[in-house]
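The structure appears below as structure tokens.
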Amino acid sequence: MTSTMFPKLRTATTCLFWLAVWQFAAWRVASPLFLPGPLTVVVRLSELVQTAPFWQTAVLTLCRVVLGMLWGTALGVVLACLACTGRWLDTILSPAVRVIRATPVASFILLVFLWTDRDQVPVIIAALMVLPVVWGNVVRGIRECDPKLLEFAKAYRFSRLKTARLVLLPAVKPYFLSAVTTSMGLAWKSGVAAEALVLPKLAIGTQIYNTKFYLETADLFAWTVAVILLSLTLEKLIALLIRQSEGRPVA
């Protein structure tokens, strides 16, 4: 009981502290137009969640981000495996992945917008931001696999599939799970940023962009909180799936 209560108490205390800081800053600014207080934002968010367009918008943005994560993860794994099969493939693929990692997300958004439909841009951008993280972690996991285990598999004439299943997958798994957890935040940030630039019809990024025309600062904060809550919910879901896959009890 004690071991589970103290972390929750610490989390609650931390949240209350930062809410107090936010409220104090709003009080000092003394203008909801520039900085609305927490209560104002909560009230506005509670009003939004009672409308059907809010849920349609939130679900579509969630679908775009998740689809982008899935595509980026799949491509990252495939390219990482190819890069580790031969030096010449690594020489070809590594510069492309590094370019993706170094290019500003705004540049990618504008370029992709020239080539495809606006509804597809957030998906592609989220995938591009996830890909280098997954690629780097999976490559590292494969290359740091214990060579003695590989020699053991070779000595006992394991097939490639059996070697991958019994030797490589356990070695890569922690790196892969770390990549998925890390890249999720990047997918959300880049996906919503892409929506704010290309303005799909129903998207959280579009709603955030529209708040500037009417100086709806409370709406801006409310939609931002909605993004954070969706991201945290997805993070909890992924953590739950990871715990179940590892056979650990769910906290």
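The values are calculated or read from the model by the stated rules, or taken from the named source; none is laboratory data. Since this is a predicted model, take the numbers as computed values, not measurements. Neighbour counts are summed over all protein chains in view; Cβ atoms, including those assigned to glycine, are modelled from backbone coordinates with ideal geometry.
Give me the helices (runs of 4 or more DSSP H) completely within segment 119-180, filtered to those with at least 1 residues that are in contact with a Phe, Trp or Tyr (Cβ under 8 Å, 6 or more places away or on another chain), among the basic types (K, R) and modelled with pLDDT of 80 or more, ordered by residue number.
By residue number, 121-143.
So R10 passes all but one of these: (1) among the charged types (D, E, K, R); (2) over 25 Å from Q207 (Cα atoms); (3) in contact (Cβ under 8 Å) with a residue 24 or more places away in the chain. Which condition number does it fail?
(3)
Looking for something in contact (Cβ under 8 Å) with a residue 12 or more places away in the chain and closer than 20 Å to L131 by Cα - is there at least one such residue anywhere in segment 208-215?
No, segment 208-215 has no match at all.
Within segment 4-35, which residues are modelled with pLDDT under 85 and among the β-branched types (V, I, T)?
Residues satisfying the conditions are T4, T11.
Would you call P122 over 14 Å from L197 (Cβ atoms) and in contact with a Lys or Arg (Cβ under 6 Å, 6 or more places away or on another chain)?
No.
Could you tell me whether segment 96-104 includes any residue that is part of a helix (DSSP H, G or I), of a type outside the set (A, V, I, L, M, F, W, C) and closer than 19 Å to E195 by Cα?
no
Give the residues of segment 153-182 that are small (G, A, S), over 17 Å from the mean Cα position of the chain (by Cα) and closer than 17 Å to A80 by Cβ, sorted by residue number.
The answer is A164, A171.
Would you pick out the residues in segment 36-56 that are surrounded by fewer than 19 Cβ atoms within 10 Å (Cβ to Cβ) and not in a helix (DSSP H, G or I)?
V49, Q50, T51
Residues of segment 57-91 being exposed (fewer than 12 other Cβ atoms within 10 Å of the Cβ) and in a helix (DSSP H, G or I), which ones?
R87, W88, T91
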